[in-house]
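Student: Sharing a structure below in structure tokens format, with a few things to ask.
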Amino acid sequence: MHVLRRLLRKYCEAKKIDKHMYHDMYMKVKGNVFKNKIVLMESIHKSKDEKARKKNLSDQFEAKRAKNKASRERKLSRREERLAQGPGVEAPVPAPAAVVAAPQIVAKRKMNYRVIIEKIGIENLKGEKMV
């Protein structure tokens, strides 16, 4: 029991565990929960990992909450801006990006490939026009 208490004291002085974890582990050592030093160290590592995981999850949740709040505020400001412009006035719609349009081929069922090739002007590998 003294070995375990000494280990806890050493960990606390080395700032490996905080005073709250020290107190919890000390009470468990006093209650004879840990069989030996290795079991105590495993328990300390496990509780530290669990604490870090909880902190990471809470940080992610806070970041998501802040992002959603900012998005909501932007949405409200845009809505107020549209209302301030008055009814009937639409906000300018941004132009879509330039799209490279491929030549449109409207082929009927009876139209053969030769006619389609002539319409779009496909050339073969030698550069000659295919007809």
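Student: Give me the pairs: first residue in segment 28-48 and β-branched (Val, Ile, Thr), second residue open to solvent by 60 Å² or more (accessible area, probe 1.4 Å) and part of a loop (DSSP other than H, G, I, E, B), beta-carbon distance under 9 Å, and six or more apart or on different chains, which are they?
Tutor: Qualifying pairs under 9 Å: Val29/Met1; Val39/Val33; Ile44/Lys16.
Student: Then there is this: Give the residues of segment 8-33 that are of a type in the set (A, V, I, L, M, F, W, C) and closer than 16 Å to Ser47 by Cα, sorted by residue number. Before the answer, list the steps.
Tutor: Pass one, segment 8-33, residues of a type in the set (A, V, I, L, M, F, W, C): 8, 12, 14, 17, 21, 25, 27, 29, 33.
Result: Leu8, Cys12, Ile17, Met21, Met25, Met27, Val29, Val33.
The values are calculated or read from the model by the stated rules, or taken from the named source; none is laboratory data. All of these numbers come straight from a predicted model, not from anything done at the bench. Here the Cβ is made from the backbone with ideal geometry for all residues, glycine too, and neighbour counts use every protein chain on show. Accessible surface areas use protein heavy atoms only, side chains included; no ligands, DNA or RNA. Shrake-Rupley method; radii C 1.70, N 1.55, O 1.52, S 1.80 Å.
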